[in-house]
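Peer 1: Here it is, the structure, as structure tokens.
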Amino acid sequence: MQKKTKRGTIPKWRDVPLTDAQLDVTIAAHRKSIAKWKGIAIASTIVAVSGMLGAGAVGIFGDGLANAAHPTASATQTMPTPSAASEETPAVGIEKTIVTPNLSSVVATAFANLRATDGAAAVSAAGVTLSDAESAQLQHAVSAYHEQGFEVSFAVVDMRTGAVITSFANVPRYSASAIKAPYILSLAQTGVLDLDAVSTSVDPDAAYLNHLITATLTVSDNDAYESLYQRYGAQPFTTWTTGYTFDAPLNGYYDSLTASDLARVWVLAYQYLFSDTPPTKADGTPAASKNARAWLAQQMCGSLNSSIQMAHAEREEVYTKAGWIYGEGNLYALNDAGIVLPAGAHDLQTHPQGYVLTILSNACGRNDLLSELATAVDDVIADLHGES
């Protein structure tokens, strides 16, 4: 699938075949480029070594910014103020290290920024300043719903910085099945089920739970989810979210919630799934292994009816759970929520990347509107990081 953005259509390699002659030219140019950059790298190394000999190796890995305070929620684009000792001009050849916030800091900043946005505004931001063009692009995607007689809310959390952008994010909307993934994550994080045992189906009961989780996350099986909820109830979800401020109490079952609250639980999900040191279980014992958590995340790749997934090319990793209902009980919803990472993202504890996105709407069957909104959000996040 090709991704259409304001930067143009991104083709896959197989969409632009090369002739043999073109391939030979490309290989030659590539080899020439490698030779050029090898030369630059060698020269840079010589300069750096010379600088080290002249100034000593002390401070080569930075100037103390790693100990500076994390930016506040209202100024996450501003670098922390260096300490007095770090304000000295570094010697020639010594390069400053730009310190990015670690995952724990980003999570704390994200929760602060989710409280700081105007949840009743068409577009609101905390921790970042949108350009007029970026704001207009998001408003246009939201207006596309209104023009068709629908309503929509969204919240996006930049997991590099904790900055937040929202639209009507404090308006309660029916969750439908979008609540299922957060509920299962609460079972794993609190430890009421042994994710290591379940992920490897070590015994018949673990295999049964493996089946229920897989069916719930991949194809949104209502019976499988109901079986899990009847077995474990609301307590794991309540425990998982204790200590965090939400717009309204949540119990992990079908109910109304806000895009901001759904974003909060997905920020917690990001921390649980991708941290090197995830929060311990409710009883204080260590969290599930990295392999077990990777298995759980994998169940949310390519999940049924995910419009966020549809908006992204194969070069990105998308972990989502959609929810929809078409009038049953006079309820209407087409929702989606989850995590978007660049392909190959790693070391997310010290260098968090990607973003959390939650979208709640009543636009049943209009996956095109949701995908267009997800694409607009992706474009804006790219703009904010100079990746357009």
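The values are calculated or read from the model by the stated rules, or taken from the named source; none is laboratory data. If you're wondering where the values come from, they're calculated on a predicted model, not measured in any experiment. Neighbour counts run over all protein chains shown; Cβ positions are idealised from the backbone, glycine included. Quick note on the areas: whole protein, heavy atoms, side chains included, nothing else; ligands and nucleic acids left out. Shrake-Rupley method; radii C 1.70, N 1.55, O 1.52, S 1.80 Å.
Peer 1: On the full set of protein chains, 1.4 Å probe, figure out the accessible area of residue 375 and give it in Å² to the nearest 10.
Peer 2: 20
Peer 1: How many Å² of accessible area per residue for the range 159-303, probe 1.4 Å?
Peer 2: Here the per-residue accessible area is 37 Å².
Peer 1: Percent of Cα-Cα pairs per 5 Å bin, from 0 to the last occupied bin, for the range 163-219, please list those.
Peer 2: Going from the shortest bin to the longest, the percentages are 4, 16, 21, 19, 13, 9, 8, 7, 3, 0.
Peer 1: Counting alpha carbon pairs within less than 8 Å and at least 6 residues apart, what relative contact order, in whole percent, applies to the range 201-283?
Peer 2: Over the range 201-283, the number comes to 16 percent.
Peer 1: Within the set of other residues whose C-beta is less than 14 Å from the C-beta of residue 171, count the net charge using Lys and Arg as +1 and Asp and Glu as -1.
Peer 2: Within the 14 Å Cβ shell, the charges total -3.
Peer 1: How much accessible surface does residue 276 have with a 1.4 Å probe, in Å² rounded to 10?
Peer 2: Only protein atoms counted, so the area is about 80 Å².
Peer 1: For the range 227-272, what percent of Cα pairs sit more than 14 Å apart?
Peer 2: When all Cα pairs of the range 227-272 are counted, 51 percent exceed 14 Å.
Peer 1: Ordering 318, 123, 219 by accessible area with a probe of 1.4 Å, largest first, what comes out?
Peer 2: 219, 123, 318
Peer 1: Continuing with the same structure: How many percent of Cα pairs in the range 274-388 exceed 19 Å?
Peer 2: Beyond 19 Å sits 53 percent of the P(r) for the range 274-388.
Peer 1: Follow-up. Convex hull over the alpha-carbon atoms of the range 237-308: what's its volume per residue in Å³?
Peer 2: Normalising the Cα hull of the range 237-308 by residue number yields 117 Å³.
Peer 1: Let me ask you something else. Suppose every K and R has +1 on its Cβ and every D and E has -1 on its Cβ; what is the size of the dipole of the range 202-289 about the Cα centre, in Debye to the nearest 20?
Peer 2: 200
Peer 1: Using a ≥ b ≥ c from the Cα gyration tensor of the range 125-247 (square roots of the eigenvalues), is it rounded, prolate or oblate, where a/c under 1.5 gives rounded and otherwise the larger of a/b and b/c decides, a/b for prolate?
Peer 2: Because a/c hits 1.5 or more and a/b exceeds b/c, the range 125-247 counts as prolate.
Peer 1: Which of rounded, prolate, oblate describes the range 173-315, given a ≥ b ≥ c as roots of the alpha-carbon gyration tensor eigenvalues and a/c under 1.5 marking rounded, otherwise prolate only if a/b is larger than b/c?
Peer 2: Cα axes put the range 173-315 in the rounded bin.
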